[in-house]
Structures are given as structure tokens and as C-alpha cells.
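Written below as C-alpha cells is the structure these notes are about.
The values are calculated or read from the model by the stated rules, or taken from the named source; none is laboratory data. Every value quoted in this text rests on a predicted model; they were computed, and no experiment measured them. Counting neighbours? That spans all protein chains shown, and the Cβs are built from the backbone with ideal geometry, glycine included.
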Number of protein chains: 2
Amino acid sequence: MPEVISQPYTRADEAFDCLQTAIVKGDLSPGEKIGEVELCARFNLTRGPLREALGRLESRGLLVRRPHAGVKVVSVSTEELMELYRIREVMEGLAARQAAERMTDTEIADLYATLDSHETMIEQAQGQAYYQAEGDYDFHHRIATGSRNTKLAQMLLGDLYYMVRMYRYRLSTASGRPHMALGEHRRIVEAIAQRDGELAEFLMKRHINAARQNIEKKIKEGGLTI
Amino acid sequence: MPEVISQPYTRADEAFDCLQTAIVKGDLSPGEKIGEVELCARFNLTRGPLREALGRLESRGLLVRRPHAGVKVVSVSTEELMELYRIREVMEGLAARQAAERMTDTEIADLYATLDSHETMIEQAQGQAYYQAEGDYDFHHRIATGSRNTKLAQMLLGDLYYMVRMYRYRLSTASGRPHMALGEHRRIVEAIAQRDGELAEFLMKRHINAARQNIEKKIKEGGLTI
DNA sequence: AAATCATGGATTGTTGACAATAATGTGTAT
DNA sequence: ATACACATTATTGTCAACAATCCATGATTT
């Protein structure tokens, strides 16, 4: 996701984005140790800006650093992933409630359009988990932004989602219940359109709770190692 | 709060901590622009580690940086502070629920002891807002940790609380209803001791909601400028 | 043979100088 | 007198070399 607007874009920012997507996409595996010089060669920059980027990534919880021993990609256990979903549940519930109170009619119309596009995507790309995950991300992204709660959106989009997506790419977890999820999305949007904040919050919490249970079940059944 | 254990403590870590407390304590005012060289002189280090620390602070939302234009301390509007409390409400509600499910009996006993100590502190330091704020922080800190939800505790303790405390020191907001707050704390702890997660969550949410309304009222009445 | 200690190598942390960019002040033209 | 353009200056962004710390390998001792 390269920002088109910002030309004053430092090398550190560049490294930050590249590393972030590399971690999320899975080019860097969890637990993998990454040497600084290696990364410098990869991104064509020196260790100064790189270390700045590493510090930011560490602060966001995507990297863990041990002094004088280097950094490695964070590795999230099943339990921790479940906890992540519990946090999402309450935070996105709040986001949905505030979105119902504050989204403009235009944004809501866009949200409906997004849902339609997701529907066709699901039908066309039968079983293509990637598109499902992207559609799902798009939906939640819009609601987080629509909450008009700057800090909330920042925490969801800049912190939690990267971590969740990191494992979505690996597990393709969204799959299994794409139509189900789409139906739940629709009902949430309808609640938002009716400006029913309480209902939107309730439905969103239930939606994320269902997603969590779905993943938990799959991991237990299929022995999906993360 | 200097960590006693960690001897392998880089200069960047040191600068990070110093800057963080400086911002929270109010030595650096919100909106204040801070030059890098100035900070280097202040902390006796060079710009490399300093920039690393600045990046981490920026990532945590305590600083805002504009490329080639320097960093300045974040300045939170009244509305944003209220939004912060809304986030706290749902997150600490979750923390209380999980704490009720997972805290050890020893931790709960410590929590009771903490409350008693707060009570004497409130009686002794009549009107000393600082101690009230510290006691309040201690309580919420213990519950966040007791949730056994690593990421949740990290987000609360490493993100939100610093921001809230930043304005607590300025406003001394905890004041005005110390006995009230202590009573609410007691009821929350009782719910936790009875392992009633739902009740603990409900009471915690109501507690933080009341604190938010209290601040909002004070700002509107007294024209408290933040 | 297993465990401990020491040494070498590699990697991280730090430093100070260099280059690029934005803010400021001055001068000129309208 | 005000507004715009330019040059200067100060600050940020980047680089490459230096110092400190840890990890691994191998020798030594029990």
C-alpha cells in the first residue's frame, strides 16, 4: 500500500512500510531473526534510518528486540491470537456504535456498495481466500474510520489489524464461512443505516466472536499450526 | 519508574523513558516543538539513539512528526480526551472481566490491600490530587495486568494510560469524587473476588463512564482549558 | 566424556560529519 | 505599504566509521 500523496517520505518511513508488509504478507516468518545489515542491503539504505524503522515496528509489537542480540519477528501463540480477537470484539463494537452515530449518509452508501462488491467477489473467486480476507478487511477498515474516533481507528488500523492480517494470510481463516460473514456484515450495515448504535455494537461483537470461535475450532480440528 | 533489573539498557531506551515521563509530567507542554540538538544536550547523547527514541514515541502517539519539520508534543483536544475515555471504557471492561476469571487469590488479596492503602491516602492527603491520581493508576494497572491478556495490558499500560496521565497531571481530574471512586473500586474488586466477570465488566465500564462525565462537566463548568 | 571457561568473530549500539529540505529574513516590484 | 520572490540559515535526514556487547567455537579441566 504505497502512499501516493506524501512525497516528503523519508527512507525510514519507506523501510517501515516495506518491513510491515513483509511481515504481514509472510515474507518474514514469525520468530525469524533478521540481521540489520541484511535488511540494509535489501532496502538500499544504511543502518540509521533502518534502526529508526525497527524501533517503530518494535513499538507496535510486530518485532521483539533483545538488546545487543538483534530483533526477530513476533510470534503469536494460539492463545494470544484469541486474546487479540477478544480485544477486537470490544473495540470494534465501540467503532460500530460510534459509526452508527456519526457516519455520513454518503459513507453508508459506500458501505452498501462495498458489500455488493464483496458479494460478487465471493461468488467469482470461489474459495479464493485472499479476496475474502481483503473484502473483510475493507469492511472493518471503513467502520473503524467511520467511527470518527481518531485514536480508536489508529489503534485498530495501525496496531491490531496488522497483527490479525499477519495470521489471516497464513491461515486463510476468513474462509469457511464467507456467506455467513457477508450476511453478518449486511445486518451490521443496516443497523448503522438505521442509526441504531446499540444494535450495531451488539451485532459487531457477535460477528467477531463468531470469527474467533471459527478459528479456534479450525485450529483444534485441523491441527492448524500457526 | 526506572527498571532496576535491566542493565543492558541502551541509550535509546533511556531517552525514550526520559522523554515519556517528561511529556507525562508536563515538563514538555502539548504542542511544544522540540529540536533534536536541544534534546541531545539535555540527555547527553547523540542524534542517532535520540531519533530512535523519537520514532518510538511517535509510534505510540505521544509525539507527532512532520518530515523535515521536526517533532512536537501531541496536543489532545477535549473531544479527543473524551474519545480516549470511551476506548478505556470498553477495554478496561474487558480487562475487569478477564481479571475476574484469571486473577490468582493472592493478586486479589493484594488488590484489597491496595484499596485500604488508597483509603488512608485519601484521608491523609486531603485534597492532594496527586496521590489520588497515583492510587487510581495503581488500581487500574493491577487489573490490566491481572487480565493475563498480554496485548490488552500492553495497549492499556503502554499507550492509553500515558496519554490519560498526561492530562491527569495537568487537570488533577481524579479529584472531586475520590470517595465515590474508591467505593466504585471496592465494588469492582468484590465482583472480581466473587469471580463474577460480567458484573466486574459492567461496574468497570460504569466507573470509567462516570469519570469521563465528571471531567466533561468540570471542563464545561470551570472552563478548564486543556 | 561432560561441563566449564576463554578467545575470536560477528553483530549491535554509538558517534560525528555530510547532504537535503523547509523555515526565515531581506529585498524588490507593484 | 503590501505582497511576492529569492537567498540564507538552521534544522532534519542520511551516511560511513568506531566502540561495545553478545554468540559460537574450541580448548582445558574435572
- Task: Specify which of the listed residues (B:A200, B:A181, B:A191) is assigned to a helix (DSSP H, G or I) and more than 15 Å from B:L115 (Cα to Cα).
- Result: B:A200
- Sole miss for A:A109 among (1) away from every other protein chain (no Cβ under 14 Å); (2) closer than 25 Å to B:I87 by Cα; (3) without any contact (Cβ under 8 Å) to a residue 60 or more places away in the chain; (4) among the aliphatic types (A, V, I, L, M) is condition (2)
- Note on the structure: Expected single match for in contact with a Phe, Trp or Tyr (Cβ under 9 Å, 6 or more places away or on another chain), farther than 19 Å from A:R186 by Cα, among the hydrophobic types (A, V, I, L, M, F, W, C) and surrounded by 15 or more Cβ atoms within 10 Å (Cβ to Cβ) among A:L115, A:L111, A:L57 is A:L57
- Note on the stretch A:75-85: residues loosely packed, with under 15 Cβ neighbours inside 10 Å and within 11 Å of chain B (Cβ to nearest Cβ) are A:S77, A:E79
- Query: Mind checking whether some residue in the stretch A:174-183 is surrounded by fewer than 17 Cβ atoms within 10 Å (Cβ to Cβ) and modelled with pLDDT of 85 or more?
  - Reply: yes
- In the stretch B:135-149, what count of residues is obtained for those that are within 13 Å of B:I108 (Cα to Cα) and not in a helix (DSSP H, G or I)? 1
- Query: Among A:E32, A:E38, which is within 16 Å of DNA strand D (Cβ to nearest atom), exposed (fewer than 14 other Cβ atoms within 10 Å of the Cβ) and in contact (Cβ under 8 Å) with a residue 40 or more places away in the chain?
  - Reply: A:E32
- State the number of residues belonging to the stretch A:15-68 that are within 13 Å of DNA strand C (Cβ to nearest atom), within 14 Å of chain B (Cβ to nearest Cβ), within 26 Å of A:R170 (Cβ to Cβ) and of a type in the set (D, E, K, R). 4
- Item | Unique residue being more than 17 Å from the chain's Cα centre (by Cα), of a type in the set (D, E) and more than 30 Å from A:E52 (Cα to Cα) when the list is B:E92, B:E134, B:E119 | B:E119
- Item | Residue among B:R97, B:R66, B:R11, B:R88 that alone is within 26 Å of A:L94 (Cβ to Cβ) and either in contact with a Leu (Cβ under 7 Å, 6 or more places away or on another chain) or surrounded by fewer than 20 Cβ atoms within 10 Å (Cβ to Cβ) (or both) | B:R88
- Would you check if there is a residue in the stretch B:76-98 being farther than 30 Å from B:K220 by Cβ, modelled with pLDDT of 90 or more and away from DNA strand D (no atom under 16 Å from the Cβ)? yes
- Query: A:K72 passes all but one of (1) touching a residue at least 12 places away in the same chain (Cβ under 8 Å); (2) surrounded by 16 or more Cβ atoms within 10 Å (Cβ to Cβ); (3) under 17 Å from the mean Cα position of the chain (by Cα); (4) farther than 24 Å from B:I87 by Cβ; which number fails?
  - Reply: (3)
